[in-house]
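What follows is one structure encoded as structure tokens, with my remarks underneath.
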Amino acid sequence: MAQGQSNGNPKLDPWRSTNYGASLEYYINPVSMVGLELFRIDVKSFIENGNVQNCNLPDEDGVVRHRCITIIEPVQGYGNSIQGAEFDYRQGFTFLPGLLRYTGTEFNFTYAPSNTGQRDLAGHAIPFQDNSTESGNFILWYQDDRLQVRAAYNYRSKRAAENDVGSIQGLEEYEAPQGYLDASIQYRIDKYITVYVNGSNLTNEYNRYYLVWPSQEAHANFSERSYTVGARGQW
């Protein structure tokens, strides 16, 4: 089946929504806190990736023969809502002895179910694209006057990536749940120069996509682990 792709459509309405939120934060000490935020987003319109049939494109010789092909392009999405809660906890272990007093941890978790008002071929409600119902990260860190070390594990549950694949209504493409590990080390040589090493996707995770059912694999993207070495200066 012939396919094409378009990256823009000036006729689409942008993301329009009414947002509500309330938050509470409690600071345990200068390096520790706990917080909770509740939110609701009532969405009027948004833009998502979809498939449409176009039968009016010319062939290579410039003649329009009305052969229909599937075009992957931004399409108009409409309403409903995203609501949920975000929990944030940060703790510095300043009460521990020795070097351990420079360590700490951070934990963040967001629960944000959403609904586009559409259902896939399995009858499941389709969430807003790029929105995971569950996401979070867990960080361990060490920081003194010169050295900073951080390791972070990030997680997100499945997300909708493309709707009506092949112009089949309800054939939704999802990205499978994913977790990945990043880390960084930086050392301040003096008040002017800091050197650092950053590592991304240290566990070599894939981005896996499927159609409606997890067993119906679509494709996978792979961004291998990468490292960045550099220096920052200030004067």
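The values are calculated or read from the model by the stated rules, or taken from the named source; none is laboratory data. All values derive from a computational prediction rather than experimental measurement. All Cβ positions, even for glycine, are placed from backbone atoms using ideal geometry, and neighbour counts span all protein chains on display. Remember, those area values only see protein heavy atoms, side chains included, never the ligands or the DNA or RNA. Shrake-Rupley method; radii C 1.70, N 1.55, O 1.52, S 1.80 Å.
Rounded to the nearest 10 square angstrom, ARG67 shows an accessible area of 150 square angstrom against a 1.4 Å probe. Of CYS55, CYS68, the residue with the largest accessible area leads and the full order is CYS68, CYS55 (1.4 Å probe). Model label points for GLN76 and ALA125, set 7 angstrom from Cα along the Cα-to-Cβ axis, are 2.4 nm apart. Normalised Debye scattering of the chain at q = 0.11, 0.17, 0.18 Å⁻¹ gives log10 I(q)/I(0) of -0.80, -1.27, -1.32, counting only Cα atoms as equal scatterers and leaving out solvent.
Considering all projection directions equally, how large on average is the shadow of the alpha-carbon convex hull of region 68-124, in square nanometres? Present the calculation step by step, with values, prior to reporting the outcome.
Values: hull surface 33.6 nm².
Computed as one quarter of the Cα hull surface, the answer is 8.4 nm².
In plain terms, the C-alpha convex hull of region 89-153 casts an average shadow of 6.2 nm² when viewed from every direction.
Taking ARG156, ARG146 and ordering them by how much accessible surface each has at a 1.4 Å probe, largest first, produces ARG146, ARG156.
Taking all pairs of different Cα atoms in region 140-183, averaging 1/r and flipping that mean, what Kirkwood radius in angstroms comes out? List each step's numbers first, then the result.
Details: mean 1/r = 0.0745 Å⁻¹.
About 13.4 Å, per the Kirkwood formula over Cα pairs.
Counting only protein heavy atoms and using a 1.4 Å probe, the accessible area of GLU224 comes to about 130 Å². Based on alpha carbons, the Rg and Dmax found for region 40-92 are 21.0, 69 Å. Pairwise Cα separations in region 1-131 fall into 10 Å bins from 0 onward with the following percentages, short to long: 10, 24, 22, 18, 13, 8, 4, 1.
Could you work out the per residue convex hull volume over the alpha carbons of region 1-71, in cubic angstrom?
Looking at region 1-71, the number lands at 183 Å³ per residue.
If both residues of a DSSP beta bridge must be in the chain, then about 95% of such bridges are antiparallel.
Pairwise alpha-carbon distances in region 61-179 exceed 25 Å for 49% of all pairs.
Placing a label point 7 Å from the Cα of TYR196 along the Cα-to-Cβ direction, the residues of region 102-136 with a backbone N closer than 20 Å are 103-107. Here the dipole of the chain is about 600 debye; that uses its Cα centre as origin and unit charges on the Cβ of Lys and Arg (positive) and Asp and Glu (negative). Measuring only protein heavy atoms, the 1.4 Å probe finds TRP213 accessible over about 120 Å².
If you build the convex hull over the alpha carbons only and average its shadow over all orientations, what do you get for region 122-208? Give it in nm² to one decimal. Mean projected area for region 122-208: 7.9 nm², to one decimal.
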